[in-house]
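K.L.:
Mind looking over this structure? Questions follow.
The values are calculated or read from the model by the stated rules, or taken from the named source; none is laboratory data. Nothing here was measured: the structure is a model prediction, and the numbers come from that model. For neighbour counting, all protein chains shown are included, and Cβ atoms are generated from backbone atoms with ideal geometry for every residue, glycine included. Just the protein is used for accessible areas: all its heavy atoms, side chains included, with ligands, DNA and RNA removed. Shrake-Rupley method; radii C 1.70, N 1.55, O 1.52, S 1.80 Å.
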Amino acid sequence: MTTAPADILGLPKPAWVDDEVGMLYDMAHRFLSEEIEPRYEEFEKKEIFDRESWKKAGSAGLLCASMPEEYGGSGGTFAHESAIIEAISHVGVDGFGIALHNSIVAPYILHYGSEEQKQKWLPRMASGELIGAIAMTEPGAGSDLQGVKTRAEKDGNQYRINGSKTFITNGQLANLIVLVTKTDPAKGAKGTSLIVIETDEVEGFERGRNLDKIGLKSNDTSELFFNDVRVPTSNLLGTVEGEGFVQLMQQLPQERLQIGTTAIAMCERALALTIDYVKERKAFGKAVLDFQNTQFKLAELKTEVTIGRVFYNDCVARHLAGGLDPVTASMAKYWLSDLQGKVVDQCLQLFGGYGYMNEYPIARMFRDARVQRIYGGTNEIMKLLIARSL
Ligand SMILES: Cc1cc2nc3c(=O)[nH]c(=O)nc-3n(C[C@H](O)[C@H](O)[C@H](O)COP(=O)(O)OP(=O)(O)OC[C@H]3O[C@@H](n4cnc5c(N)ncnc54)[C@H](O)[C@@H]3O)c2cc1C
């Protein structure tokens, strides 16, 4: 990869960044810098992206890069997804919700969908015609997903779905939703099923507010309501009902690792921007970098980000080899997102008052970073999972 922010660490490229992955990173970086970055301020103000940007990303090959070519994807792996996510954070357009679409929603369809479902949905996800969301969280069930109340009742060859979801990323734009429902509430987790809703094809589906967040402004986050929504029973993911919880658990390592991708890439960008700034900014007749406090702070941060990057690279290598266990994935999610919070906070401090001004990217990074410790399973839940392995 020829990345300015990542190069700041001076690390050798890991083996999983082969020429193809490196080229994809460069292409994604160029596309995002030329097509998305100039309009990013507008999306941040409107608190939503437009569909055109998704379609452009699809044409550029940035959607479903790790889906097989026969389903419209590029036939890549998580290494390719990592390259795209890193480019998003290095360019600084973190609100573009394609990472969730690519490496969380599409894999559910690839891994658990029937041949017919894959043919039906994946090519349109790859083109940007369909925008994906995953709807787990409800007003009364966040960390404790066993408490999901959304109900799918079988009625002939249809499911009748009732319930509500909240905090759903891409919730305003999404027209393909992987919905976590209870098909048999009496069975608890074993009565949970994943059902795909193509929102344009159903009645009784409503979007609530585009929620007013403190960061990631351009990424729409919504409440969703299902009032007697009917879908064919063939929209179930998997061959039998009740597999939803197991499916969620199987996909969690990649979802958690992906939060680590954003975290490490944002740390690198924060470091790069801050080093540039303190070299230029003068106080008491010298550059801010000349103060020993600045040097020590940045020396500490560079060391920690390097440790984080090495750990991240190792997690990706293990994931590609099929061996990233849920405990290590939880460590990556928790530790890298904690590191991100610390790095952007301490970098912001070195910008002085300018760091608090929204026109400086570090201010936005500070706001955008906060949620990383909350979504995808809070960092407290990550520690619970790690503790169970002790
Ligand atoms: C911007 C944003 C985007 C999101 N996107 C999505 C999405 O696309 N799809 C989706 O389904 N969800 C999404 N979420 C929801 C997110 O995953 C949940 O907010 C998260 O899992 C926490 O659930 P909660 O908010 O209900 O908090 P709660 O579960 O109520 O937790 C409150 C506090 O209690 C702590 N806590 C809870 N249980 C324990 C325990 N056993 N031990 C110790 N501490 C505990 C938590 O760590 C937290 O600090 C999103 C959230 C945000 C903010």
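K.L.:
When you look at Phe205, is it touching a strand residue (DSSP E or B) at 6+ places or on another chain (Cβ under 8 Å), among the aromatic types (Phe, Trp, Tyr) and open to solvent by less than 30 Å² (accessible area, probe 1.4 Å), yes or no?
P.N.:
Details: touching a strand residue (DSSP E or B) at 6+ places or on another chain (Cβ under 8 Å): yes; among the aromatic types (Phe, Trp, Tyr): yes; open to solvent by less than 30 Å² (accessible area, probe 1.4 Å): no.
Answer is no for this residue.
K.L.:
Is there a residue being within 28 Å of Tyr25 (Cα to Cα) and not assigned by TED's automatic domain parsing to the domain that holds Ala79 anywhere in the stretch 282-292?
P.N.:
From the stretch 282-292, those within 28 Å of Tyr25 (Cα to Cα) are none; that's our starting set.
Within the stretch 282-292, not a single residue is within 28 Å of Tyr25 (Cα to Cα) and not assigned by TED's automatic domain parsing to the domain that holds Ala79.
K.L.:
Restricting to strands (runs of 3 or more DSSP E) lying wholly in the stretch 122-177: which have 3 or more residues that are open to solvent by less than 10 Å² (accessible area, probe 1.4 Å) and within 16 Å of the ligand (Cβ to nearest atom)? Lay out the reasoning, then the answer.
P.N.:
Values: elements: 132-135, 151-155, 158-169.
Answer list for the stretch 122-177: 132-135, 158-169.
K.L.:
If the requirement is being among the aliphatic types (A, V, I, L, M), out of contact with any Gly (no Cβ under 6 Å at 6 or more places or on another chain) and either more than 29 Å from Leu179 (Cα to Cα) or in the same structural domain as Val148 (by TED's automatic domain parsing) (or both), which of these qualifies: Leu257, Leu301, Leu194?
P.N.:
On the way: Leu257 fails: either more than 29 Å from Leu179 (Cα to Cα) or in the same structural domain as Val148 (by TED's automatic domain parsing) (or both); Leu194 fails: out of contact with any Gly (no Cβ under 6 Å at 6 or more places or on another chain).
Leu301 is the lone residue from the list that is among the aliphatic types (A, V, I, L, M), out of contact with any Gly (no Cβ under 6 Å at 6 or more places or on another chain) and either more than 29 Å from Leu179 (Cα to Cα) or in the same structural domain as Val148 (by TED's automatic domain parsing) (or both).
K.L.:
Name the residues in the stretch 185-210 that are farther than 19 Å from Pro232 by Cβ and of a type in the set (D, E, K, R), would you? If you could, list the steps in order and put the result at the bottom.
P.N.:
Here is the first cut: in the stretch 185-210, the residues farther than 19 Å from Pro232 by Cβ are 185-192, 206-210.
Once the filter is applied, which keeps residues that are farther than 19 Å from Pro232 by Cβ and of a type in the set (D, E, K, R), the stretch 185-210 yields Lys187, Lys190, Glu206, Arg207, Arg209.
K.L.:
Something else now. Within the stretch 339-351, can one find any residue that is in a loop (DSSP other than H, G, I, E, B) and modelled with pLDDT of 95 or more?
P.N.:
Residues of the stretch 339-351 that are in a loop (DSSP other than H, G, I, E, B), as a first pass: 351.
With modelled with pLDDT of 95 or more added as a condition, the list becomes 351.
Taking every residue of the stretch 339-351 in turn, at least one turns out to be in a loop (DSSP other than H, G, I, E, B) and modelled with pLDDT of 95 or more.
K.L.:
Would you check which residues across the stretch 48-60 are charged (D, E, K, R), open to solvent by less than 90 Å² (accessible area, probe 1.4 Å) and in contact (Cβ under 8 Å) with a residue 12 or more places away in the chain and list them?
P.N.:
Keep residues of the stretch 48-60 that are charged (D, E, K, R), which gives 50-52, 55-56.
With open to solvent by less than 90 Å² (accessible area, probe 1.4 Å) added as a condition, the list becomes 50, 56.
Within the stretch 48-60, just Lys56 meets the criteria.
K.L.:
Specify the residue that is nearest to Glu359 (Cα to Cα); the eligible residues are those in the stretch 1-47 that are open to solvent by 90 Å² or more (accessible area, probe 1.4 Å) and assigned to a loop (DSSP other than H, G, I, E, B).
P.N.:
Result: Thr2.
K.L.:
Exactly one condition in (1) under 20 Å from Glu268 (Cα atoms); (2) surrounded by fewer than 19 Cβ atoms within 10 Å (Cβ to Cβ); (3) within 14 Å of the ligand (Cβ to nearest atom) is false for Tyr360; which is it?
P.N.:
(3)
K.L.:
Under 9 Å between Cβ atoms, at least 6 apart or on separate chains: pull out the pairs that start in the stretch 378-390 with a residue that is closer than 18 Å to Ile259 by Cα and end on any residue that is more than 10 Å from the ligand (Cβ to nearest atom) and open to solvent by 90 Å² or more (accessible area, probe 1.4 Å).
P.N.:
That search, which allows pairs on different chains as well, returns nothing.
Let's see how each residue does on (1) within 16 Å of the ligand (Cβ to nearest atom); (2) within 20 Å of Ile88 (Cα to Cα):
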residue	(1), (2)
Arg318	no, no
Leu324	no, no
Val327	no, no
Ser330	yes, no
Asp338	yes, yes
Val343	no, yes
Tyr356	no, no
Ala369	yes, yes
Arg373	yes, yes
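K.L.:
Just to be sure, is Gln254 within 15 Å of the ligand (Cβ to nearest atom) and open to solvent by 20 Å² or more (accessible area, probe 1.4 Å)? Show your work before the answer.
P.N.:
On the way: within 15 Å of the ligand (Cβ to nearest atom): yes; open to solvent by 20 Å² or more (accessible area, probe 1.4 Å): yes.
It is true that Gln254 is within 15 Å of the ligand (Cβ to nearest atom) and open to solvent by 20 Å² or more (accessible area, probe 1.4 Å).
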